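Undergrad: Have a look at this one before I ask anything.
The values are calculated or read from the model by the stated rules, or taken from the named source; none is laboratory data. Everything quoted here is computed from the prediction, not taken from an experiment. Every residue, glycine as well, gets a Cβ built from its backbone with ideal geometry; the counts of neighbours run over all protein chains shown. Note: areas computed on protein heavy atoms with side chains; ligands, DNA, RNA excluded. Shrake-Rupley method; radii C 1.70, N 1.55, O 1.52, S 1.80 Å.
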Amino acid sequence: MTGKSILEGRHVVLGITGGIAAYKSVSLLRLLVKAGAQVQVIMTPAAKEFITPVTLSALSGRPVISEFFTANTGEWHSHVDLGLWADAMVIAPATASTIAKMASGVADNMLVTSYLSARAQVFVAPAMDLDMMAHPSTVRNIDTLRSYGNIIIEPEVGELASHLIGKGRMEEPEAIFNVLERYFSSAGDMAGKKVLITAGPTYEKIDPVRFIGNYSSGKMGYAIAAEAARRGAEVTLVSGPVSLSVTHPSIKVVRVESAMQMLAACEEAFPQSDIAVMTAAVADYAPAHPAQVKIKREKQDVPVLELVKNPDIAATLGAEKREGQIVVGFALETDNEQENALDKLSRKNLDYIVLNSLRDAGACFGTDTNKVSIFSAAGVRHDFGMKPKNEVARDIFDTILGK
């Protein structure tokens, strides 16, 4: 490691739980300290069965915290103070038990209590056997943590403590360290920027209870909004009907239902925006004459729907953009992917287009991962592997900003 690290002077809480991967936490701690970070280690009681506090205290230069009180002095360890002190919190390894407690708010140890008080970004590196990792309860709990805004550092596939081969091996310390460096290197680099983002589906009414729509969950757009806000931007998120929510104070959510409503919201926000990212899956067509009352199957013949084209929001903004504005579109394709994406890039006067394919398992509606290629109007292509959508969001802004 040469030169000054972006982590120098940062306050990092390193949480260690009771798993065999706790031995890797020593290497992660060494990397953080070498980079100049100030590290406070918090261990669960079970973690001390795998690695001693003496080792971690010697490396960090700070007493390790495990209990709410110091036994011999009665000194209280304030989880609130730790939450305010930290610039980042890293829980590595995170066992299935700790992940479940974090997801449901069971504050029965110092680590989980500190997590619940943390105001900084939290990174979670799961480590467990493959069957525990794949169990529906663990999958649900990790999804819950991700929905809270935590960054999940996905475990690797490899040999586990059971000597079975599968997903559950904690990511290597160097890779976790790199995630932290990348996170801090981009923090604040969009300060002063205004970003418009669309997300989710649109619903086009057939009658008061039926609609034309699609399977979009909005997860990609919400991840992009969170990333833009993290980097210092002021975000307007125009959202179709989804079950997601946001907590960042720099994100203003405008909730809409139809394509016409989404267009109106975008045209109001776009003139003040520096960047617009169009992730919404806007319905291409809408019923020309939606019924005002519920269509009764028993009282009439099968209705014939007359459809009309919805406005192309990305193309509309592409035509209206002023010099210096950046408009990014998305292309979800099933065939002739590159050809179709490049056609949209040119036809809609976009600066970038993000291509993903339904042929890539794990990159479709409703998933927490995506696999994209980004094409620029200048003819440059960037390809990325399958990764969580929050990391895809970082890739998108890194590309736009030329990083």
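Undergrad: Which of the residues that make up the range 372-392 are open to solvent by 70 Å² or more (accessible area, probe 1.4 Å) and under 14 Å from the mean Cα position of the chain (by Cα)?
TA: The one that is open to solvent by 70 Å² or more (accessible area, probe 1.4 Å) and under 14 Å from the mean Cα position of the chain (by Cα): Met386.
Undergrad: For residues in the range 332-343 being of a type outside the set (A, V, I, L, M, F, W, C) and out of contact with any helix residue (DSSP H, G or I) (no Cβ under 6 Å at 6 or more places or on another chain), which is most open to solvent (accessible area, probe 1.4 Å)?
TA: Result: Glu339.
Undergrad: Sticking with this one: Among the residues of the range 144-166, how many are farther than 21 Å from Met102 by Cα and of a type outside the set (A, V, I, L, M)?
TA: Within the range 144-166, residues that are farther than 21 Å from Met102 by Cα and of a type outside the set (A, V, I, L, M) number 6.
Undergrad: Of these, Val64, Val41, Val54, Val33, which one is open to solvent by less than 20 Å² (accessible area, probe 1.4 Å) and β-branched (Val, Ile, Thr)?
TA: Checking each option against the conditions leaves just Val41.
Undergrad: Might you let me know whether the range 173-192 holds any residue that is crowded, with 23+ Cβ neighbours inside 10 Å, within 23 Å of Glu257 (Cβ to Cβ), more than 15 Å from the chain's Cα centre (by Cα) and at pLDDT 95 or above?
TA: no
Undergrad: For the range 100-207, list the helices (runs of 4 or more DSSP H) that sit wholly inside it and hold at least 1 residues that are closer than 24 Å to Ser66 by Cα; which are they?
TA: The helices (runs of 4 or more DSSP H) meeting that bar are 110-117, 136-147, 173-186.
Undergrad: When the residues of the range 287-328 are narrowed to those that are assigned to a loop (DSSP other than H, G, I, E, B) and of a type in the set (Gly, Ala, Ser), which ends up most open to solvent (accessible area, probe 1.4 Å)?
TA: Gly324
Rundown of residues vs (1) acidic (Asp, Glu); (2) open to solvent by 50 Å² or more (accessible area, probe 1.4 Å); (3) in a loop (DSSP other than H, G, I, E, B); (4) closer than 19 Å to Met190 by Cβ, yes/no style:
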residue: Phe330; (1), (2), (3), (4): no, no, no, no
residue: Leu345; (1), (2), (3), (4): no, no, no, no
residue: Val354; (1), (2), (3), (4): no, no, no, yes
residue: Asp360; (1), (2), (3), (4): yes, no, yes, no
residue: Arg394; (1), (2), (3), (4): no, no, no, yes
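Undergrad: Then there is this: With the checklist (1) farther than 27 Å from Met220 by Cβ; (2) surrounded by 17 or more Cβ atoms within 10 Å (Cβ to Cβ) in hand, flag the one item Ile142 doesn't pass.
TA: Checking Ile142 against (1) farther than 27 Å from Met220 by Cβ; (2) surrounded by 17 or more Cβ atoms within 10 Å (Cβ to Cβ), the one that fails is (1).
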